[in-house]
1. Is it true that residue 179 is among the acidic types (Asp, Glu), within 25 Å of residue 310 (Cβ to Cβ) and assigned by TED's automatic domain parsing to the domain that holds residue 306?
2. How about the stretch 126-150: which of its residues are in a loop (DSSP other than H, G, I, E, B), over 22 Å from residue 294 (Cβ atoms) and more than 9 Å from the chain's Cα centre (by Cα)?
3. List pairs: first in the stretch 338-358 and free of Cβ contacts under 8 Å to residues at least 24 places away in the same chain, second aromatic (Phe, Trp, Tyr) and surrounded by 12 or more Cβ atoms within 10 Å (Cβ to Cβ), Cβ under 8 Å, 6+ apart or cross-chain?
4. For residue 123, are the conditions met, namely being among the hydrophobic types (A, V, I, L, M, F, W, C), buried (at least 18 other Cβ atoms within 10 Å of the Cβ), at pLDDT 90 or above and under 14 Å from the mean Cα position of the chain (by Cα)?
5. Could you please tell me which pairs satisfy a Cβ distance under 9 Å, a separation of 6+ or placement on different chains, a first residue in the stretch 140-169 that is in contact (Cβ under 8 Å) with a residue 60 or more places away in the chain, and a second residue that is assigned to a strand (DSSP E or B) and among the β-branched types (Val, Ile, Thr)?
6. Quick check on residue 158: is it surrounded by fewer than 20 Cβ atoms within 10 Å (Cβ to Cβ) and among the β-branched types (Val, Ile, Thr)?
7. If we scan the stretch 230-252, do we find a residue that is closer than 20 Å to residue 192 by Cα and in the same structural domain as residue 119 (by TED's automatic domain parsing)?
8. In the list 192, 243, 210, 217, which residue meets the criterion of being free of Cβ contacts under 8 Å to residues at least 12 places away in the same chain and closer than 27 Å to residue 290 by Cβ?
Amino acid sequence: MYPLTKVNKVLVVQVTIGIFLTKHTQYHMQMSVVKTLYSIDGNNNLTAYQKLSTDDSSNNLTAYQKLSSEAPPKSKLKAKTKLPPQKKGSLPLTVYHQNLRGLRGKVMKLLSQLYPAFPHIICFSEHHMKHLELYRSHFDNYKLGGSYCRTIYEMGGVCIFVQGSLNYIRLDLEKYCQDKDFEVCAVKIHLDTKSVCIIAIYRAPSGNFDLFLSKLDAVLRNLYTATLEYILCGDINIDYLTDSDRKSQLDALLTTYNLTSRVNFPTRIQKNSATAIDNIFIDMSRMGNYTISPLINGLSDHDAQFITLHSYISRPPLNNYRLIREINDHMINDFLNQLSCETWDNVFSTDDVNIMFNSFLDTYLKMFHSSFPLKRVYLNKKHKNWITLGISMSCKHKRELFTACRNNNNPDVLKHYKSYCKILSAVIKDAKKTKLCRQN
């Protein structure tokens, strides 16, 4: 190892400090973006959608009015829309599942469709994404709890998003996964009095059914404990509205774990068929009172399933705050001043590179934590959303058009539906963009 001269020492320190400052500057910028995404505008200004539907004072129809000429009675309109009080008091646990046939570009549309009844757990089959793209998908107030992305084939995959107020741990089941045959992910949710395991699965129509059964059995056997309760949901491509050998085999396996099917309505409706190939399985002896219903949103050819478990109570954490590091010009100058006054003698007291780096990092972090201390910021419980009353009404009308289009062979109806979806997508995107720009 070559001896370090005084000039070389200064260069080493300057280069290393530059790297660390760059890292922390990038971190600060990322945190600013995250805070911008989570912050919500408090103004009551009209969004782009409301301007489209109200700025015509003459008899000329606007873009939205051409699509929906019948305005709802004024008595049914509310002056303000608020987010549901999900963090006040106790709420029954709600789980949402849908084969979305690709999550890309559908996040904001889905949130506007779910408003205001946002579920605690959102499970997707066939998200069609790779790991990096999926982790970058931003769901307001949700965290990516578990996921599986295909390694060989395209499309497919499963994922679970968990509401930010819930405590959970990710369960690693990737060793059981095999593209098309068996795709699975799971999370364990910790509630007040019990823990619940949420499992999302997908089996392609061309998947090996025997392999699917054996891997499902292995997963359930691995996760099973006497105190843990289970909710299994997914697209298994087995129609539960008709009897079949595959249905009987799957029921026989799941019965050994006290899991039974709860979906008794079609989840995929086409012109000449209606099948229940998406399902939710629960333990009826332990789940107690529940309600389940389909949710038609037009985002996929599969309808969603929404289950509410009334005996499962979820409460928000008592400490509703977040720890952040505030970074301003004064703090940066103080940090730079500490760096300039440091002699770094302990760093160059040895020739061992590992010891030198550890000494440098220890000294650097002490100054960093001293200049930029952690600060507790309490979250505001009152939020306003970019999902306006007009967008909610338009999403409802879009669902009605989707149902009419699905049951009609008229090409004009399909053309009208596609045109409506295009305009609504642009309005939703512009509303979210406008909300974020006002917060900067």
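The values are calculated or read from the model by the stated rules, or taken from the named source; none is laboratory data. Predicted model, so just to flag it, every value in this text is computed and none were measured. For neighbour counting, all protein chains shown are included, and Cβ atoms are generated from backbone atoms with ideal geometry for every residue, glycine included.
1. So residue 179 fails the test.
2. 128, 129, 130, 149, 150, listed by residue number.
3. Final answer for the pair search is 356/348.
4. yes
5. From the stretch 140-169, the pairs are 158/184; 158/201; 163/121; 163/122; 166/121; 166/189; 167/189.
6. Against the criterion (surrounded by fewer than 20 Cβ atoms within 10 Å (Cβ to Cβ) and among the β-branched types (Val, Ile, Thr)), residue 158 does not qualify.
7. yes
8. 243
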